[in-house]
1. Scan the range 30-40 and give yes if some residue there is open to solvent by 60 Å² or more (accessible area, probe 1.4 Å) and among the hydrophobic types (A, V, I, L, M, F, W, C), otherwise no.
2. Out of Ala428, Ala466, Ala401, Ala418, report the one residue that is open to solvent by 40 Å² or more (accessible area, probe 1.4 Å), farther than 16 Å from Ala357 by Cα, of a type in the set (Gly, Ala, Ser) and touching a residue at least 24 places away in the same chain (Cβ under 8 Å).
3. If a residue has to be closer than 10 Å to Ala150 by Cβ and in contact with a helix residue (DSSP H, G or I) (Cβ under 7 Å, 6 or more places away or on another chain) to count, how many in the range 209-227 make the cut?
4. What single numbered condition from (1) closer than 14 Å to Trp339 by Cβ; (2) assigned to a loop (DSSP other than H, G, I, E, B); (3) not β-branched (Val, Ile, Thr) fails to hold for Asp148?
5. If we scan the range 252-262, do we find a residue that is β-branched (Val, Ile, Thr), surrounded by 16 or more Cβ atoms within 10 Å (Cβ to Cβ) and free of Cβ contacts under 8 Å to residues at least 24 places away in the same chain?
6. I'm told Phe187 meets every condition in (1) under 19 Å from the mean Cα position of the chain (by Cα); (2) touching a residue at least 60 places away in the same chain (Cβ under 8 Å) except one. Can you identify the failing condition by its number?
7. Taking the conditions exactly as written (open to solvent by 10 Å² or more (accessible area, probe 1.4 Å), of a type in the set (D, E, K, R) and either within 25 Å of Trp119 (Cβ to Cβ) or assigned to a loop (DSSP other than H, G, I, E, B) (or both)), does Asp374 satisfy them or not?
8. Quick check on Tyr232: is it over 28 Å from Phe15 (Cβ atoms) and either outside any loop (DSSP other than H, G, I, E, B) or open to solvent by 20 Å² or more (accessible area, probe 1.4 Å) (or both)?
Amino acid sequence: MNFWPELSLPVQHAFQSINGMLLLLVLGHQLAPHWRRLLTSDRWGGSAQSGFVTDLLHRPALAPMILVSWAGCAVALICDWQSILASAINVALCRYYFVAMRWRGVGRGYGAPGFMTYWLSVAVLLLAVARLHAPSVQPLAIFWLQVDLALIIFSSGIYKLRSGYRLGEGMDYGLVNPMWSYWPDFFRKLPTSHPVFRFLNQSAWISQLVSTVLMLLPVTRWLGGLAEMATYLFIATQIRLGWLAEQMMLTGLLFFTVGSPAGRWWDAHWSVPGQFTGASHGASAILVISLQTLLWLQLILTPLCHAGLFFNYYGRRRLPAPLQRLLDAYANFFGIIIWRVFSVDHLNFHVNVHHAAPAGGTRILLSKWSAPGDLRFWHVGEAITVTSLFTTLKYYPADSALFRDRVFRYAQTLSCPAGHDLIFSYHAIRKVDGRYADRLVCEYHVNPRAKTMRIIALEEDFSAAAAHGTSPLHPGTRPGSYAPA
């Protein structure tokens with residue numbers, strides 16, 4: 001088995017066209033129905049933080065045109081029409097909305113589903129450029145994609161290991177949480193000691209660390225890809241993640257290398273249209289050298305960036321000021337984070353949103369998390385947004401102004417009759433007498449027009465800013481940095 005990986009044309013064609021299909025689903029199913037909120041600034045009631053540039057790009061008149069153009073890119077990728085141009089436009093759009101807007105909107109750049117949409121867009125562009133114009137660079141490009149994905153999986157697995165999964169605190173909360181689970185009522189009938197919870201908590205972190213090793217060894221790359229596909233095939237049936245599970249399954253194709261059993265099987269079962277060919281132009285020396293330089297730099301800097309973030313977070317130490325600034329700038333530009341997704345600090349609570357007239361008026365529930373007909377709160381982006389609002393209290397407990405600002409901006413995106421308050425009911429999920437139970441521990445009464453907030457603590461010793469007992473969470477300095485406060 002060669003150290004430098006190669007992908008056959010059937011695998012490359014499948015990767016590009018399936019990604020185009022998934023992109024079309026993300027746009028049509030998850031962005032288009034919510035474009036007024038997700039693609040406009042808070043000047044027009046959207047989720048992006050208002051500013052001169054943001055208001056120019058997040059105007060209601062512009063959003064439909066962006067969606068149509070974006071969908072055109074997805075169709076072009078499916079049909080392999082002008083794939084490099086379509087990929088480049090797609091990368092620019094994904095980079096802006098899912099990475100650059102991560103800290104400039106309450107939508108958090110659509111969280112992990114948004115980031116993986118961006119990551120796949122970069123992979124498709126890189127493979128298309130290498131295939132058509134620099135075939136000699138393609139093995140290096142594929143290797144970098146494999147290493148980068150393995151580091152993402154490793155980061156997620158290490159966090160699960162360190163944040164409670166090994167001790168039985170993690171996946172089980174997600175399965176009983178109505179904000180995330182497809183089947184919360186079913187799982188709540190099971191005792192907390194049920195073997196299925198023990199198995200899923202342990203297998204979650206073990207499978208990710210094992211997959212990392214398999215992905216990085218040439219002889220087992222294809223097994224790492226299969227493991228990723230199998231893992232997320234199961235997750236797709238249990239957890240509401242939008243199209244993230246399917247996107248993660250698609251990344252497994254990058255490990256179906258030429259000569260591997262999985263690669264040979266795929267080649268035998270996926271046909272390639274005639275127009276999808278190898279290099280159609282002579283390789284440009286400048287392009288080849290530029291790509292090689294960029295990819296080697298990424299192969300060196302990306303692991304160092306992850307190591308720096310681990311040093312900040314798990315070591316609870318800052319780098320010297322110039323290096324810390326470089327680390328934060330590099331990580332934010334490329335969207336590199338510590339993958340704390342689906343950890344106990346995100347899952348051991350859920351929030352219900354009501355509106356009601358002041359002084360005890362009848363409450364009307366807005367957040368019907370488990371109702372498929374509710375287009376807003378069934379949407380994974382809404383669960384990410386609301387969860388991120390309240391984890392702000394845990395991440396930056398000393399910055400109450402940041403939390404209040406985010407809550408007010410989010411409140412403006414909700415339909416609330418004049419004179420009514422929005423009520424955010426914070427329910428802690430706890431293990432009580434061997435069962436999972438909700439406890440209403442705090443309420444936040446918000447008047448979005450007057451920008452007032454009244455906090456009603458219903459449990460004396462509860463603090464929404466406190467991390468779970470198994471969590472390595474510690475206060476940060478600001479969004480976009482893991483350096484300790």
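The values are calculated or read from the model by the stated rules, or taken from the named source; none is laboratory data. In this text the structure is predicted, and so the values were computed from the model without any measurement. So basically every Cβ, Gly included, is an ideal-geometry build from the backbone, and we count neighbours across all protein chains shown. Side chains included, ligands, DNA and RNA excluded: accessible areas come from the protein's heavy atoms. Shrake-Rupley method; radii C 1.70, N 1.55, O 1.52, S 1.80 Å.
1. No, because not a single residue in the range 30-40 is open to solvent by 60 Å² or more (accessible area, probe 1.4 Å) and among the hydrophobic types (A, V, I, L, M, F, W, C).
2. Sole residue among the options that is open to solvent by 40 Å² or more (accessible area, probe 1.4 Å), farther than 16 Å from Ala357 by Cα, of a type in the set (Gly, Ala, Ser) and touching a residue at least 24 places away in the same chain (Cβ under 8 Å): Ala466.
3. Residues that pass the stated criteria total 7.
4. (2)
5. No, the range 252-262 has no match at all.
6. (1)
7. Answer is yes for this residue.
8. no
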